[in-house]
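What follows is a short report on a single structure.
The values are calculated or read from the model by the stated rules, or taken from the named source; none is laboratory data. The structure presented is a predicted model; accordingly, all values stated were derived computationally and were not measured. Ideal geometry is used to build each Cβ from the backbone, glycine not excepted, and the neighbour counts take in all protein chains shown. For accessibility, only protein heavy atoms count, side chains too; no ligands or nucleic acids. Shrake-Rupley method; radii C 1.70, N 1.55, O 1.52, S 1.80 Å.
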Amino acid sequence: MSEPFPLFIGGRAHAGVSVIERENPSRPAEIVGSVAAGDAALTTLAIDAAQLAFPAWAELGVEVRTGLVREAISRASATNPDRAEMLARELGKVAVDALGELGFAAAFAAYAAPVAERLSADVVVEDAEGRLVTVQEPFGVIAAITPWNAPVILAALKVVPALMTGNTMVLKPSPLAPLAVTQFLSEVASQLPDGVLNIVNGGMEVGETLVADPRIAKITFTGGLATARSIAATAARRVTPTVMELGGNDAAIFLPDAEYTEAMYTRAVFGAFLTSGQVCMAIKRIFVPVDRHDEFVAGFLAAAEKVLHVRNPLDPTSTMGPVVSREHQSRLNDLIRSAEAAGGTLHEVGSWEVADEDADGYWVRPTLVTGLTDEHPLVSDEQFGPVVPVLTYQSEDEVVRRANSVEQSLASSVWSTDDEHAAAVARRLDVGFTFLNCANRAGTSLRAAFGGRGLSGHGREFGPLGLGEYLQSHSINYPNAVRQGTALGNAYPVPA
Ligand code: NAD
């Protein structure tokens, strides 16, 4: 067994106090690798390093920083193919998706660089009212906490904008998929000035120490609601600002005038079952017109039979692997049993091609469930796995109301051949993102702000709004009346 991969603090590899081993979810007896884990003292050390690095990094200038971050990511990406295999083995994500995930960091950095440069520039207004300069400044040390389901993408969405805009960072990956992301980001960090990016693996002790430290200027978190509540309670003590990217219960609304073609069903299959459904913006509830129900289920199952191959994720023909852990497997299987007990009908999706040597893996049979009411937990809560309810509706008003009736409003999708009609329905949905005629990964865009509402969180990632989360404005205002000596000092402002 190789040495655990170290922490990265203050520009160098650092030993931890314990070890996190990560097993292969397809073959749990196989340990894929391990990382060193930190504790409260090492987390504090990482914050010290980030704080020390901040003034010089902020002073460097945005063009220099964007160049350094892009270059560092591009060099670290040279070993993507080997690392993709590691990501596939530690997470159960299919190999081609793992490679795409690693490639995302460089693509996002290329998109983000000119946006960071534009957003960082002073905005100067000189008019009859006076001279107003709006300056955009970094916050300082950012605490980033990320989940396991897309560890590299979800870290890149925080690292790239935060660093380009002049902040420094301490990042804690999830213990459930720490290997590829730690290696990748340590390579990135080693090419930047010491202390700009620090990686501390660990569990709750590291996470809680990180968010509680008074030197943390902003917290950016992606993960589950229970953790978000705990972080928000800690943040409340110092009113530390947060970005919260939480779960979703995304409705896919198929309108009567949708395509209902094989191509449409194929997009819907991937929208629901990519990464075994363990995606925040995966389709979590399917709504179809009552008179299209049987046709929809048959069309969906036929398309899935062709494209959803459940087998070892390292097999290049695999399109769905296992779920992340034994605990998650049990929870999902309990949910399937409970749906059946509540009167739901189970429909097996895709082709099950799990080899005997993988039989002990954390597999969950991909399943559509018909005949449930909206009160069943499979419908009312985020399942985060490959089991999806199909619900029927009679009218557009009804489906909009039911789509909006859940607490976690992250994304949604509307399916129609009439773009105007689809967009009109989308506007009635209480979510932060709506995909048209697709869902999930295929519908995202580097330039489109992504994020939720309500218990799905607040703040945005992607797009100029996502980058803007890491800048705070500072207005420097000099009224003409004051400059000219005509102000008494008691006037209200009026439009120029
Ligand atoms: P999680 O909340 O269990 O863990 C997320 C991270 O928080 C991990 O690094 C974990 O170690 C850390 N953590 C746990 N307890 C902590 C504490 N008390 N203080 C500080 N940190 C702590 O979530 P998960 O299971 O890793 O991720 C799945 C969830 O993430 C799902 O709900 C999914 O929808 C959501 N998610 C949202 C988005 C988005 O962009 N909105 C993207 C991906 C995943």
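Output yes when any residue across segment 334-349 is in contact (Cβ under 8 Å) with a residue 24 or more places away in the chain and basic (K, R), and no when none is. Checking segment 334-349: not a single residue is in contact (Cβ under 8 Å) with a residue 24 or more places away in the chain and basic (K, R). Considering segment 223-266, the residues that are among the β-branched types (V, I, T) and touching an Asp or Glu at 6+ places or on another chain (Cβ under 9 Å) include one that is nearest to G385 (Cα to Cα), namely I253.
Only residues that are in a loop (DSSP other than H, G, I, E, B) and either modelled with pLDDT under 95 or more than 14 Å from the ligand (Cβ to nearest atom) (or both): list them for segment 320-331, please. The answer is G321, P322. Counting only residues that are among the small types (G, A, S) and within 29 Å of V94 (Cβ to Cβ), segment 1-58 holds 7 of them.
So that you can scan it fast, the table gives a plain yes or no per residue for (1) under 27 Å from V96 (Cβ atoms); (2) surrounded by 12 or more Cβ atoms within 10 Å (Cβ to Cβ):
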| residue | (1), (2) |
| --- | --- |
| L429 | no, yes |
| F435 | yes, yes |
| S456 | no, yes |
| R460 | no, yes |
| L465 | no, yes |
| Q472 | no, yes |
| N490 | no, no |
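Report yes if A268 is of a type in the set (A, V, I, L, M, F, W, C), away from the ligand (no atom under 16 Å from the Cβ) and at pLDDT 95 or above, otherwise no. Considered against the rule, which asks whether it is of a type in the set (A, V, I, L, M, F, W, C), away from the ligand (no atom under 16 Å from the Cβ) and at pLDDT 95 or above, A268 comes out as yes. Can you say whether A411 is within 16 Å of the ligand (Cβ to nearest atom) and within 18 Å of K158 (Cβ to Cβ), as far as the supplied structure shows? Spelling it out, it is not the case that A411 is within 16 Å of the ligand (Cβ to nearest atom) and within 18 Å of K158 (Cβ to Cβ).
Whether any residue in segment 474-482 is in contact with a helix residue (DSSP H, G or I) (Cβ under 8 Å, 6 or more places away or on another chain) and not assigned by TED's automatic domain parsing to the domain that holds F435 is what I want to check. Scanning segment 474-482 turns up no residue that is in contact with a helix residue (DSSP H, G or I) (Cβ under 8 Å, 6 or more places away or on another chain) and not assigned by TED's automatic domain parsing to the domain that holds F435. Among the residues of segment 453-470, those that are within 12 Å of the ligand (Cβ to nearest atom) and either under 25 Å from E262 (Cβ atoms) or out of contact with any strand residue (DSSP E or B) (no Cβ under 6 Å at 6 or more places or on another chain) (or both) comprise R460, G466. The selection criterion, being touching a Leu at 6+ places or on another chain (Cβ under 7 Å), away from the ligand (no atom under 12 Å from the Cβ), open to solvent by 40 Å² or more (accessible area, probe 1.4 Å) and more than 26 Å from A95 (Cβ to Cβ), does not hold for E129. Among the candidates L378, L410, the residue that is open to solvent by less than 20 Å² (accessible area, probe 1.4 Å) and touching a helix residue (DSSP H, G or I) at 6+ places or on another chain (Cβ under 6 Å) is uniquely L378.
Taken over segment 156-178, the criterion of being part of a loop (DSSP other than H, G, I, E, B) and over 27 Å from P28 (Cβ atoms) is satisfied by T165, G166, N167. Take the conditions touching a helix residue (DSSP H, G or I) at 6+ places or on another chain (Cβ under 9 Å), more than 8 Å from the ligand (Cβ to nearest atom), open to solvent by less than 10 Å² (accessible area, probe 1.4 Å) and more than 26 Å from P175 (Cα to Cα) and apply them to A263. Does it pass? Taking the combined requirement at face value, the residue does not satisfy it. Of the strands (runs of 3 or more DSSP E) entirely within segment 85-155, those holding at least 2 residues that are of a type in the set (D, E, K, R) and touching a residue at least 40 places away in the same chain (Cβ under 8 Å) occupy 130-138. The selection criterion, being part of a helix (DSSP H, G or I), within 15 Å of the ligand (Cβ to nearest atom), assigned by TED's automatic domain parsing to the domain that holds E63 and open to solvent by 10 Å² or more (accessible area, probe 1.4 Å), holds for E205. Across segment 231-259, the number of residues qualifying as of a type in the set (A, V, I, L, M) and within 7 Å of the ligand (Cβ to nearest atom) comes to 2. Residues being outside any helix (DSSP H, G or I) and modelled with pLDDT of 95 or more are represented in segment 332-342 by at least one member. The set of residues from segment 28-77 being open to solvent by 50 Å² or more (accessible area, probe 1.4 Å), acidic (D, E) and either at pLDDT below 95 or in contact with a Gly (Cβ under 8 Å, 6 or more places away or on another chain) (or both) comprises just one member, D48.
Just wondering, is there one or more residues in segment 353-371 that are in contact with a His (Cβ under 9 Å, 6 or more places away or on another chain) and open to solvent by 50 Å² or more (accessible area, probe 1.4 Å)? Yes: one or more hits. Taken together, the residues in segment 323-333 that are exposed (fewer than 14 other Cβ atoms within 10 Å of the Cβ) and either touching a residue at least 60 places away in the same chain (Cβ under 8 Å) or closer than 18 Å to F273 by Cβ (or both) amount to 0. Selection of segment 266-282 for residues being open to solvent by less than 10 Å² (accessible area, probe 1.4 Å) and assigned to a helix (DSSP H, G or I) yields A268, V269, G271, A272, F273, S276, G277. Specify the residue that is surrounded by the fewest Cβ atoms within 10 Å (Cβ to Cβ); the eligible residues are those in segment 160-178 that are more than 14 Å from the ligand (Cβ to nearest atom) and more than 20 Å from A235 (Cβ to Cβ). It comes out as G166. The single condition among (1) open to solvent by less than 10 Å² (accessible area, probe 1.4 Å); (2) closer than 17 Å to V152 by Cβ; (3) within 9 Å of the ligand (Cβ to nearest atom) that A228 does not satisfy is (2). Filter segment 179-192 down to residues that are polar (S, T, N, Q), surrounded by fewer than 24 Cβ atoms within 10 Å (Cβ to Cβ) and assigned to a helix (DSSP H, G or I), then give me how many there are. Qualifying residue count, segment 179-192: 3.
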